[in-house]
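Structure record follows, encoded as structure tokens.
None of the figures in this text is laboratory data; all of them are computed from the coordinates on show. Worth saying up front: this structure is predicted, and the values here are computed from it rather than measured. In this analysis, Cβ positions are derived from the backbone assuming ideal geometry, glycine residues included, and neighbour counts consider all displayed protein chains.
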Amino acid sequence: MEAIIVFIFGLIFGSFLNVVILRFDDWLSILKGRSQCPKCKTNLGWYDLVPLVSYITLRGKCRYCTKPISWQYPVVEFATAALLTSGYATILANPVLPLWQAWVEVALFALILGVILVIFFHDLYEMMIPEVLSYILVIAALAFSLIYYNDALGTLYAALTGFLPIALLVFAGGGKWMGEGDIKLSAGLALLVGWPSAVAYLAFSFIGGGLFGVAAIAAGRAKLKSAIPFAPFLILAAFVTFFYGPRIVGWYLGILGYGYY
């Protein structure tokens, strides 16, 4: 029952994140502006804004002008709900935690989730990571890492793993290969996944970005020097590693003959 409540809250939270993504450059409109159809500018009623349900019942079209509704709305709502519920289940799986600590961790995870989903789409659309979100992510992820993993040294290792390789690439390439926003983003995501999963996170992000780049060039949609937003690959790798990192690292160490940790 609790998981269902968390999922529903995640849908509502995802609906709010859609507003933040679309109106990020005008913060006052997030709080005061009414939701409108971006095509016909008609003010939408509450029945048009029920997370996920409205999109399904309207068959992906505006009630008033019948123009298609962006795929972003249901994707963000469902992704937020699914990831928040999965994070909740992962955190609460530790039965020895005091209940208050578990809920602090869930709250921090929800904040981190919201920030990185906004970054994901902002970088996808604008090829830029808002600095204010990067700092919020690093601070929230640092608090989460220290509380959740309870390992100060591991937190330091994770931060350095996420920070140093990206920083070297940014400064070596003069900002042409990656932007400075990727440095803080990578450090924050490495703190989220913890140590030693941060190593797998970084490897997956480069593998994913590399494969996408090769596929885009092969399909004729990009050139060798084309700019590709890297934040989405960092974020996708972080999600995979947060939930499956310990198993992946354990499996890899098993192959090397070190056994599972």
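Summary of values
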| read-out | value |
| --- | --- |
| Placed amide H near Arg63: partners under 5 Å, 5+ positions off or other chain | none |
| Cα-projected label distance for Leu58 with Tyr244, points at 7 Å along beta-carbon direction, nm | 3.5 |
| The chain: Cα Rg divided by the 2.2 N^0.38 Å rule of thumb | 1.08 |
| Förster radius 25 Å - calculated FRET efficiency between Gln72 and Gln36, Cβ distance, rounded to 0.05 | 0.95 |
| In Hz, Karplus ³J(HN,Hα) per residue of the range 37-49 (6.51, -1.76, 1.60; θ = phi - 60°; x = Gly, Pro) | 5, x, 8, 9, 6, 6, 5, 9, x, 4, 6, 8, 10 |
| Highest-MSF residue in the chain out of Lys41, Lys61, Lys184 [GNM, Cα springs under 10 Å] | Lys41 |
| Partners for Lys67 among aspartates and glutamates (Cα-Cα distance below 15 Å; same-chain residues under 8 apart left out) | Asp48 |
| Farthest toward positive dipole pole in the chain [+1 Lys/Arg, -1 Asp/Glu at C-beta], among Thr155, Ala81, Gly245 | Ala81 |
| Global form of the range 1-93, assessed from the alpha-carbon gyration tensor, a/c cut-off 1.5 | prolate |
